[in-house]
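Participant: Here's a structure for you.
The values are calculated or read from the model by the stated rules, or taken from the named source; none is laboratory data. No experiment lies behind these values; they were computed from the predicted model shown. Using ideal geometry, Cβ is built from the backbone for each residue, glycine included, and neighbour counts are taken over all protein chains shown.
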Amino acid sequence: MNISRAKGTKDIFFDDMKIWQYVEENIKEICIKHNIDQIRTPIFEDTTLFSRSVGDETDIVNKEMYTFLDKGNRSITLRPELTAGVVRAYIENGFSSMLTPIKLWYIGTMYRYEKMQKGRYREFSQFGIEVFGSDSYLADIEVISVAYELFKKLRISDKIALKINSIGCSKCRAKYIDTLKEYLVDKIDNMCDDCKIRYVKNPMRIIDCKQDKCKSAKQNLPMITDYLCDDCSKDFESLKQTLFDVGIEYEIDKTIVRGLDYYNKTVFEFISKDLGLAVGGGGRYDTLVEVLGGTHTPAIGFGLGMDRIILLLKEYELVKNNRNVDIYFIIFDSNIFPKVFKLTNDLRDLGYIIDIDICNRSFNAQLKYASKIKARYICIIGEDELKENLCGLKNMNTSEQIKVDMSAEEIGNILK
Ligand SMILES: [Zn+2]
Ligand SMILES: [Zn+2]
């Protein structure tokens, strides 16, 4: 019987892996330049972490989490998102007593049992950043600009729309929710079952319900942006003005409320213009650290779907050409291997991609292999060459052949 991979998972290899590495290298470079530190948190956490942060009434917690009892009878959940784990780490490791702000980035796998769509898996990866300790809109700008710079570096910034909204603070939201409930009171009976529950538990989430049944009821829905308090309104205005001033294009989308319970004030999403897919999003979560047992700490972050970014790069064929092997070493018998070992590593130290026969194949088979992997050069070393401390170097494009000293510098000079 063949065992195939579990539904919703994938293998990444060869050319695709190179695209992943290309994206990951760019992420790392941008985060280093912004003085953002990397963090790695566990793939599984105590289930309570997610029910308390993401929210009991969300689809994620109710329907999509991979939750199980471990052998010690603890309820464990494979992380469905990464913000909660980073906040837990922030509290548990005493980050609040360290130099503020704390700026963190991560790439990691997450797990949600959900319907499969294009670029959406049950095991998926996100790149995200979380910034703790600033309640200024400047932190919002910093966070959004990191995503924007990544898109620019990957040459997809003009293919992605940034949509922003403000969902207010607890103060202005209370007033808005009363108005919203009043507006919906005679309509809710005709809306979907999920919305009926949301009406009681978290009415704002009715706004992003995608059910046809609920569309007509929502036509003239009061919007939170018309109910923002002075502080929230001033912040939102400053955010919009500064995004404009620094040249980051955005649209206001009043329907963005985000699926998780912990957001407040600034929320945003990145949407692929052509494919209509969400590439990622984020927002402020000024109360979450406190909710999870820490001291009050304003915070903001985003998560971007790595699979969606890769999908876009492939869609627009924007991937940098992969580098081929610079020199393939052809050896006549395995005894020569130790003698060229130092040379191959010296060349690798100089930055070249070096490969060598490890199958004990015939000369012709090695030659064929070198040509199939499109090696730029082959280096032939036989007993005769060894005696003179020389090697034969052949340019595979021009077929030009020369003999050079067995030194990495000499060979490197020819390859330049
Ligand atoms: Zn407010
Ligand atoms: Zn609904």
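Participant: For region 192-205: of the residues being modelled with pLDDT under 90 and buried (at least 16 other Cβ atoms within 10 Å of the Cβ), which is nearest to ligand 2 (Cβ to nearest atom)?
Facilitator: Top of the filtered list is 194.
Results for (1) surrounded by fewer than 17 Cβ atoms within 10 Å (Cβ to Cβ); (2) over 28 Å from residue 206 (Cα atoms), shown as yes or no for each residue.
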| site | (1), (2) |
| --- | --- |
| 51 | no, no |
| 88 | no, yes |
| 93 | yes, yes |
| 106 | no, yes |
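Participant: Checking residue 214 against (1) under 29 Å from residue 288 (Cα atoms); (2) within 16 Å of ligand 2 (Cβ to nearest atom); (3) assigned to a helix (DSSP H, G or I); (4) not charged (D, E, K, R), only one condition comes out false. Which one?
Facilitator: (1)
Participant: Any residue in region 211-224 that is surrounded by 12 or more Cβ atoms within 10 Å (Cβ to Cβ), within 16 Å of ligand 1 (Cβ to nearest atom) and either in the same structural domain as residue 266 (by TED's automatic domain parsing) or closer than 16 Å to residue 284 by Cα (or both)?
Facilitator: Yes, region 211-224 has at least one match.
Participant: Which residues, taken from region 374-413, are over 11 Å from residue 326 (Cβ atoms) and among the β-branched types (Val, Ile, Thr)?
Facilitator: 380, 381, 398, 402, 404
Participant: May I ask you to list the residues in region 3-36 that are touching a helix residue (DSSP H, G or I) at 6+ places or on another chain (Cβ under 7 Å) and among the aromatic types (Phe, Trp, Tyr)?
Facilitator: 20
Participant: What pairs come up if the first residue lies in region 190-219 and is on the phi < 0 side of the Ramachandran plot, the second is more than 10 Å from ligand 2 (Cβ to nearest atom) and of a type in the set (D, E, K, R), and their beta carbons are under 6 Å apart, counting only those six or more places apart or on different chains?
Facilitator: Sorted first by the residue in region 190-219, then by its partner, the pairs are 201/57; 202/57; 203/181; 217/187.
Participant: Filtering region 226-244 down to residues that are crowded, with 17+ Cβ neighbours inside 10 Å and away from ligand 1 (no atom under 11 Å from the Cβ), which residue is nearest to residue 189 (Cα to Cα)?
Facilitator: Filtering first and then ranking leaves 239.
Participant: Here's something else I'd like to know. Identify, please: which residue in region 91-109 is of a type outside the set (D, E, K, R) and in contact with a strand residue (DSSP E or B) (Cβ under 6 Å, 6 or more places away or on another chain) and is, among those, farthest from residue 133 (Cα to Cα)?
Facilitator: In the first step, residues of region 91-109 are kept if they are of a type outside the set (D, E, K, R); the result is 91, 93-102, 104-109.
Remaining after also requiring in contact with a strand residue (DSSP E or B) (Cβ under 6 Å, 6 or more places away or on another chain): 95, 101-102, 104-107, 109.
Values: 95: 10, 101: 5, 102: 7, 104: 12, 105: 15, 106: 18, 107: 22, 109: 26 Å.
Ranking the candidates gives 109 first.
Participant: Determine which single condition residue 169 fails, assuming it passes every other condition in (1) loosely packed, with under 13 Cβ neighbours inside 10 Å; (2) more than 13 Å from ligand 2 (Cβ to nearest atom).
Facilitator: Just one mismatch for residue 169, condition (1).
Participant: Now, a different point. Among the strands (runs of 3 or more DSSP E) confined wholly to region 1-87, which include 3 or more residues that are of a type outside the set (Phe, Trp, Tyr)? If you could, list the steps in order and put the result at the bottom.
Facilitator: Numbers: elements: 44-46, 66-69, 75-78.
So the answer is 75-78.
Participant: Something else about it: Looking at residue 249 and the list (1) of a type in the set (Asp, Glu); (2) assigned to a helix (DSSP H, G or I); (3) closer than 23 Å to residue 163 by Cβ, which single condition is not satisfied?
Facilitator: It is condition (2) that residue 249 fails.
Participant: Also, I was wondering about something else. Residues in region 268-308 that are under 21 Å from residue 50 (Cα atoms) and of a type in the set (Asp, Glu): how many? Walk me through it before giving the result.
Facilitator: Step one: list which residues in region 268-308 are under 21 Å from residue 50 (Cα atoms), which gives 280-305.
Then drop every residue that is not of a type in the set (Asp, Glu), which leaves 286, 290.
Selection size over region 268-308: 2.
Participant: When both residues are 6+ apart or on different chains and their Cβ atoms are under 6 Å apart, which pairs have a first residue that lies in region 159-181 and is within 24 Å of residue 300 (Cα to Cα) and of a type outside the set (Lys, Arg), and a second that is assigned to a helix (DSSP H, G or I) and within 16 Å of ligand 2 (Cβ to nearest atom)?
Facilitator: 177/203
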